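In what follows, a structure is listed as structure tokens, so that the remarks can point back to it.
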Amino acid sequence: MASVEELQRKVNELEAKLAAAQGNVVPMRQKIDVMSSEVVDSNPYSRLMALKRMGIVNNYEKIRELSVAVVGVGGVGSVTAEMLTRCGIGKLILYDYDKVELANMNRLFFQPHQAGLSKVDAAAATLQAINPDVSIETYNYNITTIDNFQKFCDSISKGSLTDGPVDLVLSCVDNFEARMAINTACNELNQRWFESGVSENAVSGHIQFIIPGETACFACAPPLVVASKIDEKTLKREGVCAASLPTTMGIVAGFLVQNSLKFLLGFGNVSHYLGYSALTDFFPTMSLKPNPQCEDSYCRTRQAEFKAKPVAVELATEVTEDAKPIHDDNEWGISLVDENSPEEETPTLSLVDGVQVAYSIPVDNSTPESSTGGAVAASELSLEELMQQMKSM
Amino acid sequence: MVDEGTRKTLSSIPLLKTKAGPRDKELWTTRLKEEYQALIKYVQNNKEADNDWFRLESDKTGTKWFGKCWYIHNLLKYEFDLEFDIPITYPTTAPELALPGLDGKTAKMYRGGKICLTDHFKPLWARNVPRFGIAHAMALGLGPWLAVEIPDLIEKGVVKYQEKSEEAK
């Protein structure tokens, strides 16, 4: 017969096991005030601080003061956030309005037991456990709606550790609307950001560094795509919207964070555009100038401001680093989508081989595609009357 | 590729003129009036062609839209709730039409029941900013989507016919 003490011990043991199995007790390490370069088993930063000793980065501990906003915490964004967390970033702000689903398990980061949780909450819990030194803020909303967009702008412009603008915004979203919303916000706020993307067939991706006024913004040209070397006609899209691979997404997240670190800590060269074609292992890079006729008025304002600025010497060298052989002939592979599309836009954009615009926009945007319906005439009726008319149909 | 029928339908919907989104205050009201005019004309056209297939209305701000669309298959009418928000980037980006009732029932949908549009929709929309509006998105996006998806979903037994009385309960 076991003694009461023995039974008591057994109960405690089992309770601890149960709690651990339920995930109630996550062994958390203590916060660390100052990054140390001491090489001991218990120092999570020793291998990062070694970058200083090796002369790669000369101010690694500065990362503790920096804030990064990650918009979209899916296949690319979650991995991006984890990398930044492990690197010891000062603050992360996460945005997503989606929930974790079992259908996400072909990607990295999230785990089956998190299904049903909001992506931002699930991510914050995991990231905080990995590195309690990182300050994490989460927003569970869709940034493209009128109500949330202003909140989004405010959180970026006042989101740093010192209540100023964040140091960098990373777009890890999966749709055009959200990218455009980020572009709009960043042009207005004069905020530097990286766009990232993986194609819907999962075999190509890209990152693009956008410095408002200095490099092309997301609205300066139709979306750029890396040629996948697949005949589009043979691509079967019937039946599904999107495919995804953890490999392509991990690679793109790696490119994104690598270039973010180079920008934030000032080492190496930051790529303005870096593409990836998985089928051919092809990585085009290039620099992109903004479009003087960009549809976004804030982009044009930023361009004027940039032109008025005296050219800094180090900026000049930074730009020339990226100068790759650029085709000045017109062979940037316009992919005609509509069979009766009118004359094409004169390319002001010089794209590197292997990168093309997703579609083209006609030069004369005033002539309609084809319409016998004509334009709407100014109505005598008020908006309320029109609403009523529609309702009563 | 846009088929002849869709092209013809599209061409009889009036084009819009004002390039304004929900953040543009008065200009947005002008745009909203144009949206309603185009929608009213489109519904009238549909009725005349005996092809009435949706109703839509918005909140006062014109940024939240909701309504119903229906599809006739083997003489039975299948009806679905329709909803979408106007993003702040509208009309540069098209509205993302959603049928929340079908969320999770077909692979040709994104989260929340947003319908998956063809490769041709976005280029065509981009070329026609700001002339295309909600009516065009319906004709070019949701119409063809229903025509392809609904018969398939009915055949698979995912979508079942509901008696009118049952709906009204």
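Below, the figures for the structure above:
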| quantity | calculated |
| --- | --- |
| Residues located in segment B:102-113, provided they are without any contact (Cβ under 8 Å) to a residue 24 or more places away in the chain and open to solvent by 10 Å² or more (accessible area, probe 1.4 Å) | B:ASP103, B:GLY104, B:ALA107, B:MET109, B:TYR110, B:ARG111, B:GLY112 |
| Matching residues in segment A:180-189 - criterion: being touching a helix residue (DSSP H, G or I) at 6+ places or on another chain (Cβ under 6 Å) and either open to solvent by 20 Å² or more (accessible area, probe 1.4 Å) or in a strand (DSSP E or B) (or both) | A:GLU188, A:LEU189 |
| Odd one out for B:ILE115 among (1) among the hydrophobic types (A, V, I, L, M, F, W, C); (2) in contact with a Leu (Cβ under 7 Å, 6 or more places away or on another chain); (3) under 20 Å from B:LYS41 (Cβ atoms) | (3) |
| Any hit, segment B:145-167, residues being surrounded by 15 or more Cβ atoms within 10 Å (Cβ to Cβ), in contact with a Pro (Cβ under 9 Å, 6 or more places away or on another chain) and at negative phi | no |
| Test set (1) open to solvent by 20 Å² or more (accessible area, probe 1.4 Å); (2) away from chain A (no Cβ under 11 Å); (3) touching a strand residue (DSSP E or B) at 6+ places or on another chain (Cβ under 8 Å) - B:ASN51 fails condition number | (3) |
| Some residue of segment B:121-128 being touching a helix residue (DSSP H, G or I) at 6+ places or on another chain (Cβ under 8 Å), part of a helix (DSSP H, G or I) and open to solvent by 50 Å² or more (accessible area, probe 1.4 Å) | yes |
| Qualifying residue in segment B:75-92 (condition: open to solvent by 20 Å² or more (accessible area, probe 1.4 Å), of a type in the set (Lys, Arg) and either on the phi > 0 side of the Ramachandran plot or modelled with pLDDT under 90 (or both)) | no |
| Hits in segment B:2-22 - residues which are more than 7 Å from every other protein chain (Cβ to nearest Cβ) and part of a loop (DSSP other than H, G, I, E, B) | B:VAL2, B:ASP3, B:THR18, B:LYS19, B:ALA20, B:GLY21 |
| Set A:ASP167, A:ASP121, A:ASP154: member being more than 12 Å from chain B (Cβ to nearest Cβ), touching a Gly at 6+ places or on another chain (Cβ under 9 Å) and acidic (Asp, Glu) | A:ASP167 |
| Number of positions in segment B:85-101 that are more than 9 Å from every other protein chain (Cβ to nearest Cβ) and either more than 30 Å from A:GLU188 (Cα to Cα) or without any contact (Cβ under 8 Å) to a residue 24 or more places away in the chain (or both) | 4 |
| Test: residue in segment B:42-52 that is over 25 Å from A:ASN142 (Cβ atoms) and in contact with a helix residue (DSSP H, G or I) (Cβ under 6 Å, 6 or more places away or on another chain) | yes |
| Given (1) open to solvent by less than 70 Å² (accessible area, probe 1.4 Å); (2) outside any helix (DSSP H, G or I); (3) among the polar types (S, T, N, Q), number of the condition B:THR29 does not satisfy | (2) |
| Candidate set: segment B:1-13, residues that are without any contact (Cβ under 8 Å) to a residue 40 or more places away in the chain and closer than 17 Å to B:LEU39 by Cα; chosen: the one least open to solvent (accessible area, probe 1.4 Å) | B:SER11 |
| Given (1) surrounded by fewer than 20 Cβ atoms within 10 Å (Cβ to Cβ); (2) in contact (Cβ under 8 Å) with a residue 40 or more places away in the chain; (3) within 13 Å of chain A (Cβ to nearest Cβ), number of the condition B:GLY133 does not satisfy | (1) |
| Unmet criterion (only one of (1) in contact with a helix residue (DSSP H, G or I) (Cβ under 7 Å, 6 or more places away or on another chain); (2) closer than 25 Å to A:ASP98 by Cα; (3) open to solvent by 50 Å² or more (accessible area, probe 1.4 Å)) for B:PHE66 | (1) |
| Test result for A:LEU94, closer than 19 Å to A:ASP174 by Cβ and either free of Cβ contacts under 8 Å to residues at least 24 places away in the same chain or in a strand (DSSP E or B) (or both) | yes |
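So that you can scan it fast, the table gives a plain yes or no per residue for (1) of a type in the set (Val, Ile, Thr); (2) in contact with a Lys or Arg (Cβ under 8 Å, 6 or more places away or on another chain):
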{"residue": "A:ALA50", "(1), (2)": "no, no"}
{"residue": "A:VAL57", "(1), (2)": "yes, no"}
{"residue": "A:VAL70", "(1), (2)": "yes, no"}
{"residue": "A:GLY75", "(1), (2)": "no, yes"}
{"residue": "A:ASP96", "(1), (2)": "no, yes"}
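The values are calculated or read from the model by the stated rules, or taken from the named source; none is laboratory data. Owing to the predicted nature of the structure, the values given are computational and were not obtained by experimental measurement. Because the Cβ atoms are built from the backbone with ideal geometry, glycine has one as well, and the counts that use them run over all protein chains shown. Accessible surface is based on the protein model in full, side chains and every heavy atom, while ligands, DNA and RNA are left aside. Shrake-Rupley method; radii C 1.70, N 1.55, O 1.52, S 1.80 Å.
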